[in-house]
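The numbers here are math on the coordinates, done by the rules we state, and not lab data. Note that the structure is predicted; figures quoted are calculated from it, not measured. Cβ placement follows ideal geometry from the backbone for every residue including glycine, while neighbour counts extend to all protein chains displayed.
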Amino acid sequence: MEKEIETITLTPYLPEHLHQLSQFYSPGTQTPFSALPEESLKDCREDCDRHPIVILANGIPVGFIVLHIGENIAPFTSDKKVKVLSGFLVDQKHLGKGIAKKALQILPEFAKGNFPNKDSIILAVGVMNMIAKMLYSKSGFQDTGIQKEGRSGLMEMMEYRLIR
């Protein structure tokens, strides 16, 4: 394993991030679970309730997250005080450095600061994506017991309560 990167921050997407985000690669095993940033950014341009977030390691884009709020979260929940985490991806060349874990550790404070009227973050994770389920669980997300059909098959809903 390569040396872990020390400084991980989250920032709203800016156009100057696009060049590096467009270089991201995701192995075929992850393609069904998460879209590449360019595809997610297209969805964000079409839906103003999707908020693109860039994961920076030492100031360099290494990952991408979309926080989704508003009316279009209905497939996941009817609770308007929730934001949906989607499009979570760390670029292939930066895997194994602890970036995803650190990004998830700082995500709750980032979400509270940027979306103060929301009570929790929910996500859907493929039932077969054991690595992601373990990562989310270790980061404080709890299985809700709800399963839904998603674009890559059966998904389990997990939730992180921002108000404890």
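Each of K112 and Q23 was given a label point 7 Å from its Cα along the Cα-to-Cβ line. The distance between the two points is 3.5 nm. Rounded to whole numbers, the Karplus 3J(HN,Hα) couplings from phi for the range 40-49 are 5, 5, 4, 4, 5, 5, 8, 9, 5, 8 Hz, using 6.51 cos²θ - 1.76 cosθ + 1.60 with θ = phi - 60°, and x at Gly and Pro. The rule of thumb for compact globular proteins, 2.2 N^0.38 Å, goes into the C-alpha radius of gyration of the range 8-161 0.96 times.
Here the 3J(HN,Hα) profile of the range 131-146, calculated from phi with Karplus coefficients 6.51, -1.76 and 1.60 at θ = phi - 60°, is 5, 5, 4, 5, 4, 4, 4, 5, 8, x, 7, 10, 5, 8, x, 9 Hz, Gly and Pro shown as x. Between S137 and K42, the distance separating the two model label sites (each 7 Å from Cα on the Cα→Cβ line) works out to 3.5 nm.
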